[in-house]
Amino acid sequence: MLVDTHCHFDIIAEKFGLSIELDDIIQFSHEIMRACAKHQVTTCITVGTDAQSSELAVAIAQSCPSVFCSVGLHPSDCTSTWQHEVKKISHLLEKHNPSASRTGPIVAVGEIGLDFYHPGFNRQAQLEACTTQIELALKHNLPVIIHTRSATDETLALLNKYRHETGFRGVVHCFSDTPEIAREVINLGFYIGISGAITYPKNETLRQVVRAVGLDHILLETDAPFLPPQIIRGKPNHPQYIATIAEFLVGILSEQASPESAPEQALKPVTFELVAEKTTRNAHTLFGLQKVF
Ligand SMILES: [Zn+2]
């Protein structure tokens, strides 16, 4: 049993040339889950990137028993209308998660964060949008899904401001920094999201991260349709490839333990079952992942 903690069903549909009409996308979401089941992926979290995709994510999660969703405004979508977008996202939270009971379709606020990679970004708008949405997550007792690119220091500074707030928790998704930064993130009580990027031949740094932090702080994610693992590089990614990432982790963690390895790896043989069990437990701990309608 595996969980894809971060993918985008609506963008997968687009990549496969489907319309994002609600009925079509719900039917397609069932197809995605049928394909996932063949690869032991039983649960997915489809992640919103703006108000419209968040609304769609909620509709998908309401229709597919093993799909959950998050709602949020991605930093790269922080345009001059960001306040309007965040207001709509806030309404979705009020409507679907009013009592912070964690039994509805929405299991997180995200993806939110800072992205200073592409030229022309609005730093101030990104900081304000991220701050506002962290506060929404706290209000609704939900974890945050953090996207950060070319903004490590600023992201850590922002997360540090909230570290003592009750219920503040989350994941840095598609982690792409050093083992030292990974430790800082873990010290904040956050998880590290490991994607198919770990299978890329040049990505030794990410493999070092996994060896250093061990399975207790890792969540698996595809970010589908983005970041296809090496075996399908150049094609759209799919949540079923969580199994490929899990297998890859078995290989990394089974190699001879290095001095910086987390202690449990030296003791226990790392099997596919162990990777599945631990990362699934981590996903349940962070996101709850139960629906009562
Ligand atoms: Zn994403």
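The numbers here are math on the coordinates, done by the rules we state, and not lab data. Bear in mind that the values here come from a model prediction, so they are computed numbers and not experimental data. Cβ: placed from backbone, ideal geometry, glycine included. Neighbour counts: every protein chain shown.
May I ask you to list the residues in the stretch 25-82 that are among the polar types (S, T, N, Q), free of Cβ contacts under 8 Å to residues at least 40 places away in the same chain and within 16 Å of the ligand (Cβ to nearest atom)? Thr46, Gln52, Ser54 - these are the residues of the stretch 25-82 that are among the polar types (S, T, N, Q), free of Cβ contacts under 8 Å to residues at least 40 places away in the same chain and within 16 Å of the ligand (Cβ to nearest atom). Those residues that are among the acidic types (Asp, Glu) and out of contact with any helix residue (DSSP H, G or I) (no Cβ under 7 Å at 6 or more places or on another chain), I need them from the stretch 173-215; list them, please. Listed by number, the residues that qualify are Glu180, Glu204. Can you tell which of Ala151, Ala108, Ala182 is within 19 Å of the chain's Cα centre (by Cα), more than 17 Å from Ser54 (Cβ to Cβ) and within 16 Å of the ligand (Cβ to nearest atom)? Unique residue meeting the criteria: Ala151. Taking the numbered list (1) closer than 20 Å to Leu286 by Cα; (2) surrounded by fewer than 24 Cβ atoms within 10 Å (Cβ to Cβ); (3) in contact with a Cys (Cβ under 9 Å, 6 or more places away or on another chain) in turn, Pro65 passes all entries but (3). Looking only at residues in the stretch 154-179 that are among the polar types (S, T, N, Q) and away from the ligand (no atom under 16 Å from the Cβ), the one that is farthest from His140 (Cα to Cα) is Thr178.
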